[in-house]
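First up is the structure itself, then whatever we jot down about it.
The numbers here are math on the coordinates, done by the rules we state, and not lab data. Keep in mind the model is a prediction, meaning the values are calculated, not measured. Here the Cβ is made from the backbone with ideal geometry for all residues, glycine too, and neighbour counts use every protein chain on show.
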Amino acid sequence: MTIINLTTTIRANIETCFDLTRDIDLHKLSTKNTKEKAVAGRTSGLCERGDTITWEATHFGIKQYLTVEITAMEKPHYFEDNMLKGAFKSMRHEHRFESKNDETIMIDKFQYKVPFGILGKLFDILILKNYMTRFLKIRNGVLKEVAEKR
């Protein structure tokens, strides 16, 4: 299993950061490089516990679909989504939020397993982990920029 841990400090209140992270329309904006869009389940607004979302995106030149379910939510401190269907063998993304002074500390724990045995593991080590880390950092950067302008 591969685990990516990211911490982003945002000069905005915790409620704003929590809601922006759950905002499907902002997600589309923050993933414009992969042309990501919600095509089934909840397709706009703020995701809630129990929602499913199917994302369509282009990664590595291939159109892909990823269906996730929001499986836990403790507003405004935590939510997680788990893959129901997609290219990973499994995927879980935990989003944590802590308020500190006038800032919010956003903590991502993104964990996944790759299919295809040793070839999948080699692809993960050489390419995928760096790609996913960069993807999440770009997304968090957009979220930070939007939150800090509010």
Taking chymotrypsin sites (Phe, Trp or Tyr not before Pro) that fall in a DSSP loop and have at most 14 other Cβ atoms within 10 Å as cut points, what is the longest piece of the chain between them? 1-59
Calculated [θ] (222 nm, deg cm²/dmol) that DSSP helices of n ≥ 4 give over the chain, each run adding -39,500 (n - 2.57): -9000 deg cm²/dmol
Report the local net charge at ASN82: Lys and Arg +1, Asp and Glu -1, summed over other residues whose C-beta lies under 13 Å from its C-beta. +1
Place a point 7 Å from the Cα of THR9 along the Cα-to-Cβ direction; which residues of region 105-136 have their backbone N under 17 Å from it? 105-108
What FRET efficiency do you get for TYR78 and LYS32 if R0 is 35 Å and r is their Cβ-Cβ distance, rounded to the nearest 0.05? 0.85
Taking 20 Å as the cut-off for C-alpha to C-alpha distance, list the pairs among LYS35/LYS75; LYS28/LYS144; LYS89/LYS109; LYS28/LYS63; LYS100/LYS144; LYS85/LYS113 that go past it. LYS35/LYS75
Starting from 0 in steps of 10 Å, tell me what percent of the Cα-Cα pairs of region 2-149 lands in each bin. 11, 42, 36, 10, 1
Over all pairs of distinct alpha carbons, what does the Kirkwood formula give as the hydrodynamic radius of region 22-64, in Å? 10.6 Å
The rounded separation in angstrom of the Cα centers of region 48-102 and region 131-150 is 15 Å
